[in-house]
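Below is one structure, written out as structure tokens, with a few remarks after it.
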Amino acid sequence: MRLTAMFAALGLIISVSWVAWGFLPMLAILLTTLIFGTIGYILDILGYSLNQLKNNILERLGE
């Protein structure tokens with residue numbers, strides 16, 4: 001569940017910058033938080049860990 005919380009927090013942090021612009025950005029905050037939380041949840045279900053994700057990204061960048 002660590003990835004779920006991390007991605008949800010990331011979505012919340014990214015979308016909080018839109019707060020100053022009104023109602024529709026508030027909806028975007030909720031949607032973005034839900035999307036990032038879902039991504040984290042799916043990665044948790046699939047058994048990924050932060051170290052595994054980091055290693056995969058570094059391998060792809062090194063190719």
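Things to note:
- When residues in segment 35-55 are screened for being open to solvent by 80 Å² or more (accessible area, probe 1.4 Å) and either of a type in the set (Ser, Thr, Tyr) or in contact with an Asp or Glu (Cβ under 7 Å, 6 or more places away or on another chain) (or both), 2 of them pass.
- Qualifying residues in segment 14-34 (those that are exposed (fewer than 14 other Cβ atoms within 10 Å of the Cβ) and within 30 Å of Tyr48 (Cα to Cα)) - the one modelled with the lowest pLDDT: Ser17
- Residue pairs meeting the criteria (Cβ under 9 Å; at least 6 apart or on separate chains; first within 17 Å of Ile14 (Cβ to Cβ), in segment 31-60; second open to solvent by 90 Å² or more (accessible area, probe 1.4 Å) and assigned to a helix (DSSP H, G or I)): Gly40/Arg2
- Scanning segment 28-47 for residues that are touching a helix residue (DSSP H, G or I) at 6+ places or on another chain (Cβ under 7 Å) and of a type outside the set (A, V, I, L, M) yields Thr32, Thr33, Phe36, Gly37, Gly40, Tyr41, Asp44.
The values are calculated or read from the model by the stated rules, or taken from the named source; none is laboratory data. Quick caveat: nothing in here was measured; it's all calculated off a predicted structure. No Cβ is skipped: glycine too gets one built from the backbone with ideal geometry, and neighbour counts run over all protein chains shown. These accessible areas exclude ligands, DNA and RNA; they are computed on the full protein's heavy atoms, side chains included. Shrake-Rupley method; radii C 1.70, N 1.55, O 1.52, S 1.80 Å.
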